[in-house]
Amino acid sequence: MMVNSGITAKARSNFLSQFTGLDFRSPKHNHYFDFGYPEDLDFGAFYKMYRRMGLAHGAVERTVEKTWETSPQLLQTPADDDETPLEKALRKRLRKLRFWQNMVETDRRSMVGAYAGLILRIGDNKRFNQRVEGNVPGGLNALIEVIPAWEGQLKVSEFDTDEMSPTYGQPKMFQFHEPNVAGTHSKTRSFDVHPDRVIILSDSGTVHDNSALEPAYNAFLDCEKVSGAGGEGFWKNAKGTMILEVDKEAKITEMAKAMNVEVSELFDAIGEQIKDVNTGLDQGFMAQGINVKRHDVSLPSPEYFFNAPLQIISAAMSIPIKILKGNETGERASTEDQNQWAKTNMSRRENRILPFLDEFLERLIKWGMLDDNGDWDIHWDSLMEDSPAEKMSFAKQMSEVNQSNPSQPPFTHDEIRERVGYEPLKASDLVDPDDDHADKLEEDDDD
C-alpha cells in the first residue's frame, strides 16, 4: 500500500534550502560526499599531496627519475660523428646554466600541476614582458638563466581573443609570482612575462591540462586513511586509554575527602591522576569505588585494505606496483615490469619531453643563438637497453649454447662480443704480438 506523504519535491527542496552548509544529497548517488573525497581539486591540493603524502611523492619521483635516467644530447650531426664546435659550445653553455637539472625540475613540477613553465631569461636589453625580436646579440651567452615555475607561480594574465590572430586562444601574457607556492615565501621575484620567454611543459604543451596525480587522488587519500587509522590505533593501544566505571555504592563524599578535594573537584582530580599515569609520572592512583578498565583498539591487518587503493594508483599512473613500492621487501620488479616501465617512460620522452626540447631549439635558432645550417636533432639513449649485468648474462648463455653444440656452434665470437657491446676482434688481436706473423696480420687489417 502506497502512502502519500503530501510533501512535494518543490516543498522538500525549499525546506532543505533553509539549512545552508549542510549536504542532504543521497550518498548512494554522491560517492565523493559518502567517502569524504573533495569534489573540486586545484593546484594547492595536488601540491600538498605531493609534499606530504609519501606515495604521491614517490610516484612523481619514480617517473621523473626513470625518464631522466640519462640526459639527451642536442646535435647537428649524427651521434657517432665527432662533436662540432657549435655542439660543444651549446653543451658547455647548458651545463653552466644547469639546464638539464632545471629541465628535470620543470618535468617534476609539470606532473604535480596541470602544467609547469620554463622561463628563459634573455640578455636582449628588454623586460620580461616584451617580445624577443630579431637576432639577439651575444649568441648562446645571451641565454642568461632558465627558471622552472610551478603552475601556482605562473598564471595566464591575458589570453589572445582576436579570432584573426595566429595565436588566437593562446596566452598573450603570463604573470610570474615566485612566493605563491609554499616553501618559496622567502623568494621575491614577481613580473609579467611575454610568451616568447616561456615554454610550457604538459602533455598537450598548453596550460589546459591536468595533474598526473588527479586520476589517483582518491586512492592516495584512501592509503592515507588506512595508514593513519593504523597509526592512531597503535598509539591508542600503546597509550592505554582508561575507562572508569563508578560503582553505584561508591561514596562520593568520602572519595573527595580521601583525595583532599571538594566534591565538585573530584572528577577533575581523578582526571589529573589519569593524566599523570599516562605520562609516566605516577605508578598508580586511588581508585576507591571505581572500576578501571583498559580500552584496547582491535585492528585488522591493514595490508589488505592498503593494497586495494595501491593497485588503483598503479593503474592510474602506469607504474608497476613493485616499482612504486620500491624494494623494501627484498622482492625485485620482474623483467616484464621493468620492460613495461621502460616503455612507459620512453613514451613520455617521445610525447612530452621531446616536443618541449624541439621548441627550445627552434627559439634559439629563431633568435640567432644557434646556426640554422644543419638539421639539429635530439639524441637520447634508449631505456630499453640491457644493463651490463644482463648483457653479460646473455653472453654467458650464448657461450653455453655453443659449448653444447661444439661441432656447429650457432653463435660466432663476434656475435657474442656484440651482445655485450664490444667491437669485433681484429685478426691482429688474436695473435701474440711477438709472433713473426703479427706484422703481416696488421698489414692485412689496414688493407
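Before moving on, here are some points about what is shown:
- Checking Met369 against (1) out of contact with any Leu (no Cβ under 9 Å at 6 or more places or on another chain); (2) at pLDDT 90 or above; (3) among the aliphatic types (A, V, I, L, M); (4) part of a loop (DSSP other than H, G, I, E, B), the condition it does not meet: (1)
- Asp162 among the acidic types (Asp, Glu), in a loop (DSSP other than H, G, I, E, B) and surrounded by fewer than 14 Cβ atoms within 10 Å (Cβ to Cβ): yes
Here is a yes/no grid of residues against (1) over 14 Å from the mean Cα position of the chain (by Cα); (2) open to solvent by 60 Å² or more (accessible area, probe 1.4 Å):
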site: Asp34; (1), (2): yes, yes
site: Tyr37; (1), (2): yes, no
site: Asp42; (1), (2): yes, yes
site: Lys48; (1), (2): no, yes
site: Leu55; (1), (2): no, no
site: Ala59; (1), (2): no, no
site: Val64; (1), (2): no, no
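- For the range 340-355, a residue qualifies if it is buried (at least 16 other Cβ atoms within 10 Å of the Cβ), more than 15 Å from Arg108 (Cα to Cα) and aliphatic (A, V, I, L, M), and the qualifying residues are Ala342, Met346.
- Top-ranked residue of the range 323-339 - restricted to ones that are modelled with pLDDT under 85 and charged (D, E, K, R), ranked as most open to solvent (accessible area, probe 1.4 Å): Arg332
- Residues in the range 392-407 that are polar (S, T, N, Q) and part of a helix (DSSP H, G or I): Ser393, Gln397, Ser399, Asn402, Gln403, Ser404.
- Here the range 88-142 is the region considered, the condition is being part of a loop (DSSP other than H, G, I, E, B) and among the polar types (S, T, N, Q), and the residue that is most open to solvent (accessible area, probe 1.4 Å) is Asn125.
- Residues of the range 175-207 satisfying the condition of being open to solvent by 20 Å² or more (accessible area, probe 1.4 Å), closer than 15 Å to Lys155 by Cβ and at pLDDT below 95: Pro179, Asn180, Arg189
- Selection within the range 179-201 - touching a His at 6+ places or on another chain (Cβ under 9 Å) and of a type outside the set (Phe, Trp, Tyr): Pro179, Arg189, Ser190
- Pro85 of a type outside the set (D, E, K, R), surrounded by 12 or more Cβ atoms within 10 Å (Cβ to Cβ) and on the phi < 0 side of the Ramachandran plot: no
- Contact annotation: residue pairs with Cβ atoms under 8 Å, 6 or more positions apart or on different chains, pairing a residue in the range 123-134 that is of a type in the set (Gly, Ala, Ser) with a partner that is part of a loop (DSSP other than H, G, I, E, B), are Gly123/Val136; Gly123/Gly138; Gly134/Trp367; Gly134/Gly368.
- Filtered residues of the range 407-421 (kept if modelled with pLDDT of 75 or more and open to solvent by 90 Å² or more (accessible area, probe 1.4 Å)): Ser407, Gln408, His413
- Given (1) part of a strand (DSSP E or B); (2) within 14 Å of Ala116 (Cβ to Cβ), index of the condition Gln175 fails: (2)
- Enumeration of residues in the range 364-385 that are open to solvent by 50 Å² or more (accessible area, probe 1.4 Å) and more than 19 Å from Gln76 (Cβ to Cβ): Met384, Glu385
- Filter pass, Ala308 being buried (at least 16 other Cβ atoms within 10 Å of the Cβ), modelled with pLDDT of 65 or more and over 30 Å from Ala256 (Cα atoms): no
The values are calculated or read from the model by the stated rules, or taken from the named source; none is laboratory data. Computed from a prediction, not measured in an experiment: that's the story for all the values here. Counting neighbours? That spans all protein chains shown, and the Cβs are built from the backbone with ideal geometry, glycine included. The area values use the complete protein model at the heavy-atom level, side chains included, leaving out ligands, DNA and RNA. Shrake-Rupley method; radii C 1.70, N 1.55, O 1.52, S 1.80 Å.
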